[in-house]
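Take a look at the structure below.
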Amino acid sequence: MHFWLRSYVLGFLMLSILPPDCQAAPVTLLYSERFLQHDAGSGHPDTPDRLATIVQQLKQHNTLNDQLRWPVFSAASRTDLLAVHQASYLDLLEAGQQQLSPTRPYLTLTTGDTVISKDSLAVARLASGAAMAGVDAVMQQQSKSAFALVRPPGHHATADRGMGFCIYNHVAVAARYAQKQYAVKKILIVDIDVHHGNGTQDIFAQDDSVFYFSAHQHPLYPRSGRPQETGLGKGKGYTMNIDIAPGSDESVLLAAIEKQLLPAMQGFQPELILVSAGLDTHQGDLLGGLNYSDAGYAAIARKVIGLADQYAQGRSVWVLEGGYVPANNAHAVESILQTLIVQ
Ligand SMILES: [Zn+2]
């Protein structure tokens, strides 16, 4: 048999005997029902329903679901978290959890406004693990894109402070994991949440290996992220912040990507793109005042894919951040996934 024919037949046989999970699929989703068990208390905006509704809608959508792989994954270890967070902060969280009891089911962290309950730390560790598994999926070429559907969110958590519903900074943990495990030298983080990701900016402010881009509503919590904040020390020039006025649609973000981020990436040339996929920019959100449409999220995804294809062999890992109207989250995620699937 000719060599090429033998290779073809062997390749076909290998694809046939591999379990479906091992074959290349367009998008890897990282989700666990465990994420529904983080309880921030009655009336808190970070409800389990924000996430459950996304997954219910995806599972009902058969043509989309055929294009998704749902691998299992593990929680981030203490070592993984220590690549981003200070040991004293991890200890403070553990000590806080020890104080919980049936008569005291919730605790607000002394570092900010984050509420934890009995399952919160384990759930948040699993959420960081989901973002890391997304990195595995794209670096091992199981799919070009991955989307970690997680809660609680992460981008407000700094090295030593939980704040704004966030305990561990999942995107930051994933970035450090990609650098350590796969020797990725340059990573772009695109933050599309309505709030500035002060934690992510802070963690990488002095780092020239991670470029942080955020376009967020101003004024709004946590009030950081002014355009003049561009990084510190050797990280100067590796942070880019865009203010968006209340009431704006996605056109401001799309223009900023085109006119400011794309030229900056010609010099930076990221090998991996992580997206802090906050959906509280959606029109009608409970906490945000912007007016992004479902079509707008598809347009944003096309821009990210364009950058990923140009510099990063198509690799993008999306991690859910905010988004406080469950039905809106479901529509926005579907819109993004439809775009990632045809890339
Ligand atoms: Zn947010």
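Computed from the coordinates by the stated procedures, all read-outs in this text should not be read as laboratory data. All figures in this text were calculated on a predicted structure; none of them were measured in a lab. Note that each Cβ is placed from the backbone with ideal geometry, even for glycine, and that neighbours are counted across all protein chains shown.
Among the residues of the stretch 291-330, those identified as assigned to a loop (DSSP other than H, G, I, E, B) and more than 18 Å from Ile244 (Cβ to Cβ) are Ala312, Gln313, Gly314, Arg315, Val325. Only one of the numbered conditions (1) away from the ligand (no atom under 16 Å from the Cβ); (2) in contact (Cβ under 8 Å) with a residue 12 or more places away in the chain is violated by Gly164, and that is (1). The set of residues from the stretch 276-291 being out of contact with any Pro (no Cβ under 8 Å at 6 or more places or on another chain) and either over 10 Å from Asp193 (Cβ atoms) or near the ligand (Cβ under 10 Å from one of its atoms) (or both) comprises Ser276, Leu279, Asp280, Thr281, His282, Gln283, Gly284, Asp285, Gly288, Asn291. The residues of the stretch 297-326 that are within 16 Å of the ligand (Cβ to nearest atom) and touching an Asp or Glu at 6+ places or on another chain (Cβ under 7 Å), listed by number, are Ile300, Glu321, Gly322, Gly323, Tyr324, Val325, Pro326.
Is it the case, given these coordinates, that Gly129 is assigned to a helix (DSSP H, G or I) and buried (at least 21 other Cβ atoms within 10 Å of the Cβ)? Answer is yes for this residue. If you go through the stretch 45-69 and keep only what is assigned to a loop (DSSP other than H, G, I, E, B) and either in contact with a helix residue (DSSP H, G or I) (Cβ under 6 Å, 6 or more places away or on another chain) or surrounded by fewer than 17 Cβ atoms within 10 Å (Cβ to Cβ) (or both), you end up with Pro45, Pro48, His61, Asp66, Gln67. Does Ala255 fit the bill of being aliphatic (A, V, I, L, M), free of Cβ contacts under 8 Å to residues at least 12 places away in the same chain and surrounded by fewer than 23 Cβ atoms within 10 Å (Cβ to Cβ)? Here the answer is yes, as Ala255 does meet what is asked. Among the residues of the stretch 177-200, what is the count of those that are over 17 Å from Ile300 (Cβ atoms) and more than 14 Å from the ligand (Cβ to nearest atom)? Number of matching residues: 11.
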